[in-house]
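The values are calculated or read from the model by the stated rules, or taken from the named source; none is laboratory data. Here the structure is a predicted model, which is why all the values come from computation and not from measurement. No Cβ is skipped: glycine too gets one built from the backbone with ideal geometry, and neighbour counts run over all protein chains shown.
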Amino acid sequence: MKKLFLKLYKMLIKILCFLPMKNIIVFESNPDYACNTYPVFKYIKEHCQEYKCVWMVNEGIEKHPLADEIVYINGKGFKNKIKKIYICLLAKAFVSCNRYQKKYREDQISLFLTHGSKTKKTRGIYEMGDKVDYILVQSHFFDDIICYEYNAKPEQLLYLGFPRNDYFYQELGLDAEKLELPKDSQYVIWLPTFRKTIGGTDKETAQTNIGIPLIYSVDALQKINDYLKEKNLYIIYKPHPAQNIALLKATSLSNIKIINDKFLSERGLQLAQVLAGSSALLTDYSSVFFDYILLDKPIGTTTDDIDAWKESRGFAFDLDAMYDKSTERLPDLDSLIGFHDKTLSGVDEKRDGRCEVRDLTNTYFDGDSSKRVVDFLMEKINKK
């Protein structure tokens, strides 16, 4: 039965390949309708209305109001599978930033916008090679890194800016109340890396039993919350989707708010908008560092477990040297509190170093990356 289905599948593809392609562009992101892909989709809807925009989404996700159609990436059922094959065979282009769609025809265009610039090694885990036509790269600093980690060639690399960062240059007017904070509240955004499987095991360590770096006990968590309350400051904490934060969620906290992708989606927010409205960033080994540095705001890095990362996953470049120059290194709870004190008082000792790293790791400093990506895509489609 399986052999018969495979035979029919190949025959269907061969037949459909005789049909002319249509003005269809297929989009993908993780989470759905977000990241680098979403601003490109919006720009095409506003400026290239002759194109039908189809999103490949996770099963159960509803159609976006601006989308013309959706298909489920891993959807079950014969009808969904045939629909996905049909659309992907007739599409002129694929625009993705997480799970790339394999091309069915040589004259299709596959543009991979990436989920962010590399900090951690991924060679052997997430390689593309010739599976996509073009890969968006934040700057030439990442050339060798991207080519090695993705197993890509230099001619595949594009330098057009990350579309999601266009939000940094718009008058957003993000109201704190939209984040369920008191009006005119000041907040710091905290985006940590997933830690549960460091070393390749599923065992929680003392460093991660709360689900938040540097804070190893409920008492320490309460201490930082009391400090924030006294200073009328909030932390917006967005953990990795797979991180275990059960204990953190069970603790009553007035000034640490946990958000996730669902929270943002329900409020029509993109993460970049939340970043733009913050006073400072807390992170560790996340690629958000290279985006946030465009905002010219303080960055604190919690790297207390960096040796464990070096021994297990490893980094794509000398992270210590870059962070020493451009961020406040936060080894413990007291340094975390000290970072907030500096932020509130306007002390920014790392600004010069940040500007140097910003210029090294970003190509564009404007809000036109979506336009550049779409212009490039349309040029390539029209040449086919």
Of L281, L333, L319, which residue is under 30 Å from Y33 (Cβ atoms) and either of a type in the set (A, V, I, L, M) or surrounded by fewer than 21 Cβ atoms within 10 Å (Cβ to Cβ) (or both)?
L281
Anything in segment 59-81 that is over 26 Å from K383 (Cα atoms), surrounded by 13 or more Cβ atoms within 10 Å (Cβ to Cβ) and not charged (D, E, K, R)? List them, or say none.
I61, H64, L66, I70, V71, Y72, I73, G75, N80
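Results for (1) modelled with pLDDT of 95 or more; (2) closer than 25 Å to Q170 by Cα; (3) aliphatic (A, V, I, L, M), shown as yes or no for each residue.
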site: K249; (1), (2), (3): no, no, no
site: I258; (1), (2), (3): no, no, yes
site: K262; (1), (2), (3): no, yes, no
site: R267; (1), (2), (3): no, yes, no
site: L282; (1), (2), (3): yes, yes, yes
site: V288; (1), (2), (3): yes, yes, yes
Determine the pairs where a residue that is assigned by TED's automatic domain parsing to the domain that holds T193 and among the polar types (S, T, N, Q), located within segment 299-325, has a partner that is at pLDDT below 85 and not in a loop (DSSP other than H, G, I, E, B) with Cβ atoms under 8 Å apart, the partner being 6 or more residues away or on another chain.
S312/I198; S312/G199; S312/G200
Exclusive hit being crowded, with 20+ Cβ neighbours inside 10 Å and free of Cβ contacts under 8 Å to residues at least 24 places away in the same chain, set I146, I125, I109, I135:
I135
What number of residues within segment 213-231 are of a type outside the set (A, V, I, L, M, F, W, C), part of a loop (DSSP other than H, G, I, E, B) and in contact with a helix residue (DSSP H, G or I) (Cβ under 8 Å, 6 or more places away or on another chain)?
2
Can you tell me which residue is farthest from P213 (Cα to Cα) among those in segment 337-354 that are among the charged types (D, E, K, R) and surrounded by fewer than 15 Cβ atoms within 10 Å (Cβ to Cβ)?
D352
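Condition check ((1) without any contact (Cβ under 8 Å) to a residue 40 or more places away in the chain; (2) surrounded by 10 or more Cβ atoms within 10 Å (Cβ to Cβ); (3) farther than 19 Å from F162 by Cα; (4) not assigned by TED's automatic domain parsing to the domain that holds L269) across all residues:
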site: L16; (1), (2), (3), (4): no, yes, yes, yes
site: V26; (1), (2), (3), (4): no, yes, no, yes
site: Y33; (1), (2), (3), (4): no, yes, no, yes
site: T37; (1), (2), (3), (4): no, yes, no, yes
site: F41; (1), (2), (3), (4): no, yes, no, yes
site: H47; (1), (2), (3), (4): no, yes, no, yes
site: C53; (1), (2), (3), (4): yes, yes, yes, yes
